[in-house]
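Written below as structure tokens is the structure these notes are about.
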Amino acid sequence: MKTCIYNGILMDGIHKTQPGALIIEDGRILLITTDTKSLPSCDIMLDAKGQYICPGLIDTHTHGIGGYDFNDIAKLSLREVAKQEAKEGVTGFLASLVCETHEDMKQLLTYYEEQEVDGFFGIHLEGPYLNRQQKAVMKEECLRDPMLEEFKEYLHISSKIKSMTIAPELPDAMELIRYGTAHGVVMMLGHSAGTAQDVLAAEKAGAKGITHLYNAMSQHAHRAPGIVTGAVLSKLMCELIVDGVHVHPDIVQATYKMIGAERIVLISDANPCKQLPKGEYLFSGKHVLVDKDKAIVKESGRIAGSTLRLCDALRNMCAYCGCQKEMAIAMASAHPAALYGWKKGRLEAGYDADIMIMDEQFQIHQVLRQGIQIQ
């Protein structure tokens with residue numbers, strides 16, 4: 001079965017933005033054409049109505065949505081998560097797991113190993129090898145120094161582990177970074193009190209990125225260069241939460257100027273309360289208050305993940321930095337896809353047909369996963 005999406009503006013931040021159409025077959029993009037007067041006959045003709053035809057967004061760091069918590073498998077429905085994510089243009093996501101005891105984490109990994117749901121791309125382990133000084137909302141009792149044999153056990157249980165966040169200054173962290181990289185895990189640096197030199201050493205060991213840049217890490221202090229300084233000095237990809245809460249808009253703009261658009265990966269780092277009404281909820285063992293666009297820990301007032309829609313991150317990025325829509329799109333599609341080695345995030349023949357149709361105001365009108373429309 002062939003699907004044609006026509007009467008739209010092709011935009012992926014990689015190729016030229018221009019009017020055109022694309023043909024989909026067997027879940028992949030078969031053809032991109034700017035010859036809109038002689039389109040081939042297809043089983044399904046989908047009119048984009050003059051709006052933007054873009055690659056679907058990829059959220060590589062989110063903890064859940066709509067009350068579904070990736071750490072609470074007893075109440076979890078990945079299919080429902082995928083449906084809710086699609087409403088904001090997200091065609092693929094990693095399930096970010098906060099720290100648990102070793103036995104509880106093995107149980108979680110065993111569960112996810114059996115899950116095959118369109119849009120679920122795998123697991124991001126946020127820990128447990130994180131610095132207690134930068135624990136944020138992590139369960140301190142579950143944080144520990146890197147243990148290679150324990151990590152090997154996780155990889156033995158699960159083929160779904162796609163990335164891990166680790167603090168590079170911890171004992172034996174470099175050994176674990178090298179091992180993870182050699183076994184296809186994207187090793188990210190975060191929740192760290194380390195130095196800029198720790199970042200550069202980790203990059204040399206195979207690390208690929210920085211987890212939620214600026215949040216839960218040592219900063220860009222002029223006499224004590226920390227993880228943020230190392231991020232700037234390195235060539236690592238940098239996750240960024242552009243909700244106006246986690247990172248001030250001026251800092252977002254400064255980051256855009258310092259490291260360039262090509263190294264930014266937009267994420268939500270959403271907590272499971274996202275899309276729920278104002279109220280009190282439980283996340284990572286803590287009581288979290290959700291009000292409008294912010295979530296905080298009741299006891300401490302600390303930020304507890306975001307309630308950010310990824311399509312809104314695009315809008316914010318353009319507003320804060322003055323960048324073009326196509327560049328913001330790439331930060332949430334082509335860039336994460338390239339970081340993880342997925343053939344997604346581009347409007348190009350042979351790439352997965354994960355597509356969204358978006359208007360000038362960043363409102364999502366249609367979403368397709370593997371060429372299939374999501375209702």
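Restricting to segment 322-334, give me the number of residues that are assigned to a helix (DSSP H, G or I) and open to solvent by 20 Å² or more (accessible area, probe 1.4 Å). So the answer is 3. With the requirement that a residue be under 14 Å from PRO168 (Cβ atoms), among the β-branched types (Val, Ile, Thr) and out of contact with any Gly (no Cβ under 9 Å at 6 or more places or on another chain), what does segment 211-241 give you? Residues satisfying the conditions are VAL228, THR229. Scanning segment 259-284 for residues that are without any contact (Cβ under 8 Å) to a residue 40 or more places away in the chain, over 30 Å from THR101 (Cα atoms) and surrounded by fewer than 15 Cβ atoms within 10 Å (Cβ to Cβ) gives GLY260, PRO277, LYS278. A single entry from ILE53, ILE32 fulfils the requirement of being modelled with pLDDT of 95 or more, in contact with a strand residue (DSSP E or B) (Cβ under 7 Å, 6 or more places away or on another chain) and buried (at least 21 other Cβ atoms within 10 Å of the Cβ): ILE53.
Step by step: first the residues of segment 72-87, then only those that are open to solvent by 50 Å² or more (accessible area, probe 1.4 Å) and without any contact (Cβ under 8 Å) to a residue 12 or more places away in the chain, then the one that is nearest to GLU113 (Cα to Cα). Which residue is that?
Taking segment 72-87 as the starting set, the residues that turn out to be open to solvent by 50 Å² or more (accessible area, probe 1.4 Å) are 72, 74-75, 79-80, 83, 87.
Those left that are additionally without any contact (Cβ under 8 Å) to a residue 12 or more places away in the chain: 74-75.
Working: ALA74: 15, LYS75: 17 Å.
Only one residue tops the list, namely ALA74.
Of all the numbered requirements in (1) in contact with a Lys or Arg (Cβ under 9 Å, 6 or more places away or on another chain); (2) over 23 Å from TRP342 (Cβ atoms), GLY89 misses one, and that requirement is (2). In segment 189-211, which residues are within 20 Å of GLY260 (Cβ to Cβ) and either in contact (Cβ under 8 Å) with a residue 60 or more places away in the chain or open to solvent by 40 Å² or more (accessible area, probe 1.4 Å) (or both)? Within segment 189-211, LEU200, GLU203, LYS208, GLY209, THR211 qualify.
Just so you know, in segment 88-125 the residues that are open to solvent by 10 Å² or more (accessible area, probe 1.4 Å) and of a type in the set (Val, Ile, Thr) include one that is farthest from the chain's Cα centre (by Cα), and it is THR101.
If you go through segment 39-90 and pick out every residue that is within 24 Å of MET138 (Cα to Cα), in a loop (DSSP other than H, G, I, E, B), out of contact with any helix residue (DSSP H, G or I) (no Cβ under 6 Å at 6 or more places or on another chain) and not aliphatic (A, V, I, L, M), you end up with 6. Of all the listed residues (GLY371, GLY341, GLY350), the sole one being among the small types (Gly, Ala, Ser) and within 19 Å of the chain's Cα centre (by Cα) is GLY341. Being among the polar types (S, T, N, Q), open to solvent by 60 Å² or more (accessible area, probe 1.4 Å) and either in contact with a strand residue (DSSP E or B) (Cβ under 7 Å, 6 or more places away or on another chain) or modelled with pLDDT of 95 or more (or both) is the requirement here; does GLN134 meet it? The answer is no for GLN134.
Flag: LYS208 matches the condition of being farther than 20 Å from PRO171 by Cβ and at pLDDT 95 or above.
Which residue, of ALA319, ALA313, ALA338, is under 14 Å from GLY244 (Cα atoms), open to solvent by 60 Å² or more (accessible area, probe 1.4 Å) and modelled with pLDDT of 95 or more? Don't jump to the end; show me each part of the working.
On the way: ALA313 fails: open to solvent by 60 Å² or more (accessible area, probe 1.4 Å); ALA338 fails: under 14 Å from GLY244 (Cα atoms).
So the residue among ALA319, ALA313, ALA338 that is under 14 Å from GLY244 (Cα atoms), open to solvent by 60 Å² or more (accessible area, probe 1.4 Å) and modelled with pLDDT of 95 or more is ALA319.
Being touching a residue at least 60 places away in the same chain (Cβ under 8 Å) and either over 26 Å from ALA334 (Cβ atoms) or in contact with a helix residue (DSSP H, G or I) (Cβ under 7 Å, 6 or more places away or on another chain) (or both) narrows it down to one residue among TYR214, TYR256; which is it?
On the way: TYR214 fails: touching a residue at least 60 places away in the same chain (Cβ under 8 Å).
The unique qualifying residue is TYR256.
Can you find a residue in segment 172-185 that is within 17 Å of the chain's Cα centre (by Cα) and buried (at least 21 other Cβ atoms within 10 Å of the Cβ)? So far as segment 172-185 goes, yes, one or more of its residues are within 17 Å of the chain's Cα centre (by Cα) and buried (at least 21 other Cβ atoms within 10 Å of the Cβ).
Within segment 212-226, the set of residues being of a type outside the set (S, T, N, Q), out of contact with any His (no Cβ under 9 Å at 6 or more places or on another chain) and crowded, with 23+ Cβ neighbours inside 10 Å comprises LEU213 only.
If the condition is being buried (at least 17 other Cβ atoms within 10 Å of the Cβ) and without any contact (Cβ under 8 Å) to a residue 60 or more places away in the chain, then segment 137-154 contributes CYS142, LEU143, PRO146, PHE151, TYR154. Scanning segment 285-310 for residues that are crowded, with 20+ Cβ neighbours inside 10 Å and not in a loop (DSSP other than H, G, I, E, B) yields VAL288, VAL290, ALA295, ILE303, SER306, LEU310.
The values are calculated or read from the model by the stated rules, or taken from the named source; none is laboratory data. Keep in mind it's a predicted model, so treat the numbers as computed, not measured. Using ideal geometry, Cβ is built from the backbone for each residue, glycine included, and neighbour counts are taken over all protein chains shown. Only protein heavy atoms, including side chains, enter the accessible area calculation; ligands, DNA and RNA are left aside. Shrake-Rupley method; radii C 1.70, N 1.55, O 1.52, S 1.80 Å.
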